[in-house]
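Presented below is the structure to which this report refers.
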Amino acid sequence: MKNLIFGVAFLLLATKLPGQPLTPAQIDQLADRALKTFDVPGMSIAVIKDGKVIHAKGYGVRSLKTKQPVNEHTLFGIASNSKAYTSAALAMLMEEGKLKWDDPVMNYVPEFRLYSPYVSDAFTIRDLLTHRSGLGLGAGDLMFWPDSNDFNIQDMIHNLRYLKQVGGFRAKYDYDNLLYAVAGEIIARVSGMSWEEFIEKRIMQPLGMTESAAGYERLKDYSNTIDPHAPVNGKVQVISRSFSKIANAAGGIYSNVTDQSKWIILQLNGGRYGDDLSKRLFSDASQKEMWSSQTIRPLSNGPTDKIYRTHFSTYGLGWGLSDVAGYKQVSHSGGLGGNVTLTTLFPELNLGILVYTNQQSGAAMGAVTNQIKDGYLNIKGNDWIKTFREMQVNNQMAADKITSDVAREIEAAKAAGPKDLSAFAGTYHDNWFGDVILTWNGSKLWLASKRSPRLSGEMFFYKGNTLIVRWKDRSFDADAFANFTTDNDGKPSGFKMKAISPLTDFSFDFHDLDLVRMK
C-alpha cells in the first residue's frame with residue numbers, strides 16, 4: 001500500500017494537471033476591475049487556443065473625448081510588437097535566398113556606421129534584431145520620439161556613428177529601436193518595396209488582416225481607432241500621438257485583436273496558415289530561429305519571476321523568451337505615448353493572449369495577462385491586479401519623492417531671489433541631435449530644440465551649474481536635469497542631460513546628448 005500511495009503521488013507530481021481557464025464572464029469582470037483600478041479608459045483582450053479565437057472583446061471607451069466604446073475591431077498602435085513582423089519579413093527574404101541572418105549590414109546598407117569601426121564592419125543582420133549592439137538603452141530614440149521632428153531615415157542611419165557605445169559588442173542586453181529601423185531599410189532595399197508595403201502585401205494581406213496597416217498614416221479607416229491617454233498633472237486625459245514613421249519597422253503597426261489573432265495563429269502553427277494550414281509565410285526552421293535565445297536578459301527578481309519560477313530570460317529575433325511555470329513563454333510588449341500592448345504565447349499549450357490598452361501604464365495589461373494565463377497554467381491564489389497595483393503605487397511614490405524634492409529646491413532658489421540665467425543663453429550643438437537654443441528674455445530661460453519642436457520648455461536654477469528643464473508638453477513626464485560645464489572664464493561651455501524621474505520612458509534618451517556651445 002505504501003508503494004502504491006508513493007507511486008500515485010509521484011505520478012501526480014510528474015504530470016501537469018489540466019488548467020481551469022477563466023470563463024468569458026470572469027474575463028469581463030477582470031477587465032472591468034483592471035480599467036477601474038489602473039484608471040485606463042479602454043482595453044481589448046483576445047485569447048487564442050488550439051487555433052481558434054475563444055475570446056475577443058473590447059472594454060471601456062476608445063477616447064475620453066468621444067466616449068465611444070472599444071470593441072474587438074478597435075485599432076491600437078501595437079508599438080514594439082511590430083518588431084516580430086520585421087524579423088519575419090527578413091526570414092521570408094532569407095528563405096528566398098536574398099540574404100542571410102549573419103550577413104554584414106554594410107553589404108546592404110553601405111553607409112551604415114557605428115561609433116566603433118570594428119563593430120561597424122562586424123555588425124550583422126542578426127545583430128540588428130537582438131539588442132546587443134553595445135549602444136545604451138534607447139540610444140538615439142529622440143530622432144523619432146516625440147514626433148514632429150524633421151529627421152528622416154537617411155539622417156538616422158548617418159547619425160548612428162555619433163552614438164558612443166556604452167558596453168561591449170554582443171556583451172549585454174540594452175533595448176534599442178533604431179537598429180530595427182535599419183533592418184526595415186534592408187527589407188526595402190532587398191525587396192524593392194518599402195517596409196510598410198512588404199508587411200502589408202506579403203504578410204497582412206495573405207492572412208486576411210484587412211483592418212490593419214503598417215503605420216498610422218496608412219490606415220484606410222480611422223473611425224474605430226483609440227486616442228492615446230496619459231496622466232497629465234495627476235489626471236488621465238487624451239494626449240497627442242507621438243511616433244515618427246521613420247521607426248515604423250520598430251513600432252509603427254496599427255491593428256486590433258481580431259487581426260492580430262490571425263498573426264498569433266500563424267505563429268503558433270510555425271508559419272503555416274489557411275483553412276487546412278497548407279500555405280506558408282515562413283518555415284519551421286525560421287520559426288525556431290526567431291524563437292531561439294540570442295541575448296541574455298536580466299531577471300527582474302520581482303513577484304512575477306518568483307511566482308512563475310522563472311529561471312532564465314533571453315531575447316530571440318523580435319521576441320522575448322523565458323520559462324514560466326515549466327513552459328516556454330514567447331512574448332513581447334509595446335509602448336507608445338498613451339498606448340501599450342502585450343502579446344504572450346505558450347507554444348506547448350497552443351495558447352496566445354493579447355491585451356491592448358489606451359493608457360500608457362503597463363500595469364493593467366500585465367495584471368490581466370497574468371490572471372488569464374494562471375488559469376491555463378493551473379496556478380491558483382494570485383490576485384495580479386492587487387499585486388501590480390501595489391507595485392505601481394510603490395514605484396510612483398518613490399518617483400514622486402524624487403521629483404518633489406527637486407521641485408522644493410527650485411522653489412527655494414526662487415524664494416532666495418531672482419536668478420540671472422543670461423550666461424546660459426546660446427546655441428548648443430549635439431552631433432546626432434542638432435542644435436538646441438537657450439533664450440533669455442530678461443526673466444525666463446527657454447530651451448528649444450531646432451529639429452524636434454515639441455521638445456521645448458522653461459529652464460530653472462537648481463544647484464550650482466545644474467538647471468532643470470520643464471517641458472511645455474506636460475504629458476511627457478520627462479523633466480530633466482541639465483548639467484553644465486564651464487570654460488576657463490567660468491562661462492557655460494556645454495551641458496549633458498538626464499531625466500529626473502526613474503519612471504521616464506527610456507526613449508527620452510537625454511543621457512546620450514553631449515551639447516557643446518557654439519555661440
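List of remarks:
- Measuring against 20 Å, Cα to Cα, the residue pairs LYS220/LYS245; LYS100/LYS164; LYS52/LYS373 contain LYS100/LYS164 as the ones spanning a longer distance.
- Formal net charge of residues neighbouring LEU207 (Cβ-Cβ distance under 12 Å; K, R +1; D, E -1): +3
- Proximal lysines to LYS419, defined as alpha-carbon separation beneath 27 angstrom and excluding residues fewer than eight positions away on the same chain: LYS401, LYS444, LYS450, LYS463, LYS472, LYS491, LYS496, LYS498, LYS519
- Computed from point charges on the beta carbon alone (+1 for Lys and Arg, -1 for Asp and Glu), the dipole magnitude for the stretch 399-517 about its Cα centre is near 300 Debye.
- Whether the stretch 52-92 is rounded, prolate or oblate, judged on the alpha carbon gyration tensor where a/c under 1.5 counts as rounded: oblate
- With contributions of -39500 (n - 2.57) from each DSSP H run of at least four residues, the per-residue ellipticity at 222 nm computed over the chain stands at -8500 deg cm²/dmol.
- Ranked by how many other beta carbons lie within 10 Å on average, peptides 128-136, 82-90, 105-113 from highest: 82-90, 128-136, 105-113
- Cα-based shape type of the stretch 397-519, given that a ≥ b ≥ c are square roots of the gyration tensor eigenvalues and the cut on a/c is 1.5: oblate
- Shape category assigned to the stretch 441-486 from the gyration tensor of Cα positions, a/c cut at 1.5: prolate
Each reported figure results from applying straightforward, stated rules to the coordinates on display, with no laboratory input. Just so we're clear, the structure is a prediction, and the values are computed from it rather than from any experiment. All Cβ positions, glycine included, derive from the backbone under ideal geometry; neighbour counts span all protein chains shown.
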